[in-house]
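Here's the structure, in structure tokens; my notes come after.
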Amino acid sequence: MELPEEYKRGFKDFLGIKIDLSKRPLIPRPETEYWVQWFINQDHKEKMKCLDLFSGSGCVGVAVLKNIQDSICHFGEIDDAFLEQIKINCSDINSNRYRIIKTDIFSNIDEKYDYILANPPYVAKSRIDEVGSDVINYEPHIALFSGNDGMDIINNFIDNVKDYLNEGGYAIMEFDPQQKDKIKEGEFHKDQFGEYRFVVIKK
Ligand SMILES: C[S@@+](CC[C@H](N)C(=O)[O-])C[C@H]1O[C@@H](n2cnc3c(N)ncnc32)[C@H](O)[C@@H]1O
């Protein structure tokens with residue numbers, strides 16, 4: 001068992017951006033890269049404001065800020081070390097364009113957004129044996145697990161997300177393909193491997 005290469009190196013490339021991993025957040029995944037690129041390719045409201053909730057390294061919001069001109073992004077994350085990590089990854093971005101918020105899901109979110117981008121912890125604790133040992137041993141469990149079926153945070157997010165969206169806005173949430181039938185609403189999309197991986201919830 002060995003420390004993952006990305007932690008040894010200290011960074012991971014995410015859509016061509018060097019994401020620092022010195023505080024050991026979740027290593028950004030290609031499936032996430034795929035839907036973030038999908039989002040970047042859509043038409044957006046001018047000067048749009050988005051929330052990257054469950055930010056971890058901040059890879060999602062940083063990619064938005066670097067690819068969508070005049071966009072504003074707020075980052076929401078519960079873990080203090082990862083809040084520091086987001087700050088590091090935003091160090092070359094104008095501070096007028098982002099805000100970093102310590103929050104338990106929506107607890108400290110007090111604004112509405114045009115878009116909410118979310119990669120919540122969604123691995124089912126009951127499937128822990130199927131997760132690779134490098135992941136279990138080295139990646140933060142707070143970033144992976146959420147209840148026995150992995151649905152605790154997802155359910156809370158879906159129940160509340162529309163309260164934080166502007167009219168005409170939408171949220172994108174990543175999930176495990178096995179969870180698709182438990183997610184009651186939204187437009188489902190596949191990832192680059194042909195698996196259902198993200199849902200778009202419109203207001
Ligand atoms: C799956 S990781 C996603 C990280 C990053 N957005 C990415 O896509 O690589 C989930 C993140 O949510 C954070 N998190 C876990 N529970 C949370 C909660 N209740 N409220 C806010 N953030 C939470 C974890 O610390 C972790 O950084």
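Coordinate-derived values only; no laboratory data. Here the structure is a predicted model, which is why all the values come from computation and not from measurement. Note that we place each Cβ from the backbone using ideal geometry, even for glycine, and neighbour counts take in every protein chain shown.
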Worksheet, complete the sentence: Checked G76, G56 against criteria (under 23 Å from D114 (Cβ atoms), in a loop (DSSP other than H, G, I, E, B) and not β-branched (V, I, T)); the one match is G56
Discussion item. With the requirement that a residue be closer than 18 Å to F106 by Cβ, surrounded by fewer than 22 Cβ atoms within 10 Å (Cβ to Cβ) and either near the ligand (Cβ under 7 Å from one of its atoms) or without any contact (Cβ under 8 Å) to a residue 24 or more places away in the chain (or both), what does segment 26-82 give you?
Written reply: I78, D79
Discussion item. For segment 125-145: of the residues being assigned to a loop (DSSP other than H, G, I, E, B) and more than 8 Å from the ligand (Cβ to nearest atom), which is surrounded by the most Cβ atoms within 10 Å (Cβ to Cβ)?
Written reply: E139
Worksheet item: Out of D176, D181, D149, which single residue is out of contact with any helix residue (DSSP H, G or I) (no Cβ under 9 Å at 6 or more places or on another chain) and either of a type outside the set (A, V, I, L, M, F, W, C) or exposed (fewer than 15 other Cβ atoms within 10 Å of the Cβ) (or both)?
Response: D181
Worksheet item: Across segment 89-99, which residue is farthest from the ligand (Cβ to nearest atom) among those that are buried (at least 18 other Cβ atoms within 10 Å of the Cβ) and under 14 Å from D20 (Cβ atoms)?
Response: C90
Practice prompt. With the condition kept exactly as written, say whether any residue in segment 96-113 is under 18 Å from R29 (Cα atoms) and part of a helix (DSSP H, G or I).
Written response: no
Practice prompt. Quickly run through segment 151-185 and pick out the residues that are free of Cβ contacts under 8 Å to residues at least 24 places away in the same chain, in contact with a strand residue (DSSP E or B) (Cβ under 6 Å, 6 or more places away or on another chain) and more than 16 Å from the ligand (Cβ to nearest atom).
Written response: K180
Worksheet, complete the sentence: Of the candidates I86, I93, the one satisfying the condition of being farther than 19 Å from D163 by Cα, of a type in the set (A, V, I, L, M, F, W, C), free of Cβ contacts under 8 Å to residues at least 40 places away in the same chain and in a loop (DSSP other than H, G, I, E, B) is I93
Worksheet item: Of everything in segment 11-25 that's buried (at least 22 other Cβ atoms within 10 Å of the Cβ) and touching a Gly at 6+ places or on another chain (Cβ under 7 Å), which residue is farthest from A81 (Cα to Cα)?
Response: L21
Practice prompt. Working only within segment 100-124, note down all residues that are surrounded by 15 or more Cβ atoms within 10 Å (Cβ to Cβ) and more than 11 Å from the ligand (Cβ to nearest atom).
Written response: I100, K112, Y113, D114, Y115, I116, A124
Worksheet entry | Residue within segment 4-23 that is closer than 25 Å to F106 by Cα, assigned to a helix (DSSP H, G or I) and aromatic (F, W, Y) present | no
